[in-house]
Each structure stands twice: as structure tokens, then as C-alpha cells.
Amino acid sequence: MKLAIAALLVGSAAAFAPTASFGVRNSALNMATEAATEKAFAKLPATVKPGVVTGQALVDLLDAAKEQGYAIPGVNIVGSNSINACMEAAAKYGGPIMVTFSKGGGQFIAGKSLNNDADQASIAGTIAGARHVHEVAKLYGVPVVLHTDHCQKAWLPWIDGLLAASEEHYAKEGFPLFSSHM
């Protein structure tokens, strides 16, 4: 298990390391110079601030990425450890990050031993993970796109549960729980 976690973290961190061998495509995270200690965020729109990016700020971020020719790395996560590793790497190397929740990742966050017959564990775990990102993203100082992964038709009840939670969150807080859903 420790080896699998180490491989996940090393593999995820490698996506953020600036390197000359992948000069074909830019990313917001590898637009830094070859000096590993220097971090360089892509030129972000004024509307894009550290924390979860939603609404017009999300549109502005995606437009800027398209115009400047970089990709925003997206990582499927399975717990607060992988969420934090993504944000830490983004903070270290510079750039926005997309934290992506899958149905299985949500269930893993809640606990794999929980009953998930009606997707209740996947829904609860995904909501808990999203709330975690909202609480700590600003502390890392990076913009985070909070996204749900693709969903086959049979899994639509999971998305329905997340949409209901997001509507409730918006009514209470005045901003969405998620940036986007695939």
C-alpha cells in the first residue's frame, strides 16, 4: 500500500515538474524556467484568485489557457492526501490545478465498507472532498477547478445527488460547491 501511494504521489508530482523534453505542449505548470526552484504561474486573469474557481472566473481561466496555449492539469483524486498533493505541487511549481472527483473516488473518501446501493457513500464522499478543497485551497495559494469526472448513464443518480448538494450549498453560501461537471 505504501508503495502504491508513493507511486501515485511521485507520478502526480512528475506532471508538474518543468522539463525541456516535453516542449511540444505548454501547461500552466511547466511554463516555469528550467530552474526548479523558480515558480511561474501563467498570466492569469484578474478574476482568477486562489481557491475554488467558479462562474465568470472559470470562464476567464479557460479562455486564458486557450489563448496562451497551456493545459490545466487534472488529477482524479481518492482522498484528502491526493487532494493536498495536487494543490501542493501546483503551489510549488506554479499554476492552477483541476481536482477531479469520480464516483469511485467519492466512495473511497467516504469509506469502501459503506453501503453504496443508492450511491449514498459516493455522494457523501464527493461532497466531503469538495468541502475539504473549499477549506484549504486558498491556504495553498492556487486556483482550483473542482470538477466531477465523466459519468455513464447508470451513474446519473450520483450526479443528481451532487447537483442537489450544490444547489443547497449555493442557496446557503452564495457560490457553487463545484466548478463544473463532465
Q: Name the one entry in Tyr170, Tyr140 that is modelled with pLDDT of 95 or more and surrounded by fewer than 16 Cβ atoms within 10 Å (Cβ to Cβ).
A: Tyr170
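Report, by residue number, each residue of region 157-167 that is farther than 18 Å from Val53 by Cα and open to solvent by 80 Å² or more (accessible area, probe 1.4 Å).
Asp160 - this is the single residue of region 157-167 that is farther than 18 Å from Val53 by Cα and open to solvent by 80 Å² or more (accessible area, probe 1.4 Å).
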Q. If you check every pair at least six apart or on different chains, which have Cβ atoms under 9 Å apart with a residue in region 156-177 that is touching a residue at least 24 places away in the same chain (Cβ under 8 Å) first and a residue that is exposed (fewer than 13 other Cβ atoms within 10 Å of the Cβ) and outside any helix (DSSP H, G or I) second?
A. Pro157/Ala118; Gly161/Ala118
**Q.** Answer residue from region 86-129, given it is assigned to a loop (DSSP other than H, G, I, E, B) and touching a strand residue (DSSP E or B) at 6+ places or on another chain (Cβ under 8 Å) and is surrounded by the most Cβ atoms within 10 Å (Cβ to Cβ) among those
**A.** Gly95
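Can we say Gln152 is free of Cβ contacts under 8 Å to residues at least 24 places away in the same chain, surrounded by 17 or more Cβ atoms within 10 Å (Cβ to Cβ) and more than 23 Å from Gln56 (Cα to Cα)? Don't jump to the end; show me each part of the working.
Numbers: free of Cβ contacts under 8 Å to residues at least 24 places away in the same chain: yes; surrounded by 17 or more Cβ atoms within 10 Å (Cβ to Cβ): no; more than 23 Å from Gln56 (Cα to Cα): yes.
Against the criterion (free of Cβ contacts under 8 Å to residues at least 24 places away in the same chain, surrounded by 17 or more Cβ atoms within 10 Å (Cβ to Cβ) and more than 23 Å from Gln56 (Cα to Cα)), Gln152 does not qualify.
The values are calculated or read from the model by the stated rules, or taken from the named source; none is laboratory data. The structure presented is a predicted model; accordingly, all values stated were derived computationally and were not measured. In this analysis, Cβ positions are derived from the backbone assuming ideal geometry, glycine residues included, and neighbour counts consider all displayed protein chains. What goes into the accessible areas is simple: the full protein's heavy atoms, side chains included, and nothing from ligands, DNA or RNA. Shrake-Rupley method; radii C 1.70, N 1.55, O 1.52, S 1.80 Å.
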